[in-house]
Amino acid sequence: MTELINNIGKIFSALGFRSISRTIFSLLAVVLLVTTTACNGAQTNATVNPTQTTNPRPGKITELYKPIAPPVGGMNNYSDVDPRQNTSEADAKAKRLIEKTENLSKGNTNPFKQLGKQLDDRSIPERVGETTEKINRSAQETADDVAKGTRKGYQNVKENTKSFKDDVESAVDDLGDKARAKTNDLKNDIRKAT
């Protein structure tokens, strides 16, 4: 028997377990945890609706809160709109749109007249004339802007050319002065050498 215990001790030490008592205690704790969780006879929360109470009369469901909306029937038994919310503006807009579509459907069958009534009371030739005037005005403004830009560009090129000319003249003068100075230095060096 002692040989068996020594062999079990060697197996536990080879596997890295520190002591047999700790391992047995851990296994017992796991078994206790599994059995208490799996064998619990309490009812789960998933089967109870939190808005319902237990009712002494079976088949009759009661609610925990007092609803503010009157039941209207249907799948949810209540309206989707909060009765405290003011929806008069939305109702008025819906009524206007319904009337407008009814008037349009009863009205003109000529699409040009219908288009004209939807936009305003002006005729299509008047609108075309106004659009042509706007395009002409826009083209004239664009042409004026291009002319102004061209004038400015010409002035910039003229100024840049003048400044370039001045820069070249000063560079040539500086180069001439340096050449004279080097020539004089060379003359002086030759005189000193002879």
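The values are calculated or read from the model by the stated rules, or taken from the named source; none is laboratory data. These figures come from a predicted structure and were not determined experimentally. Backbone-built Cβ (ideal geometry, glycine too); neighbour counts: all protein chains shown. Quick note on the areas: whole protein, heavy atoms, side chains included, nothing else; ligands and nucleic acids left out. Shrake-Rupley method; radii C 1.70, N 1.55, O 1.52, S 1.80 Å.
Let's see how each residue does on (1) in contact with a strand residue (DSSP E or B) (Cβ under 8 Å, 6 or more places away or on another chain); (2) at pLDDT 90 or above; (3) open to solvent by 80 Å² or more (accessible area, probe 1.4 Å); (4) outside any helix (DSSP H, G or I):
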residue	(1), (2), (3), (4)
98	no, yes, yes, no
129	no, no, no, no
151	no, yes, yes, no
162	no, no, yes, no
165	no, no, yes, no
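Note on the range 30-41: residues that are over 20 Å from residue 8 (Cβ atoms) and modelled with pLDDT of 80 or more amount to 6.
For the range 71-95, the set of residues classified as of a type in the set (Lys, Arg) and exposed (fewer than 10 other Cβ atoms within 10 Å of the Cβ) consists of 84 only.
For residue 52, the test of being touching a strand residue (DSSP E or B) at 6+ places or on another chain (Cβ under 9 Å), open to solvent by 70 Å² or more (accessible area, probe 1.4 Å), at pLDDT below 75 and over 30 Å from residue 128 (Cβ atoms) is passed.
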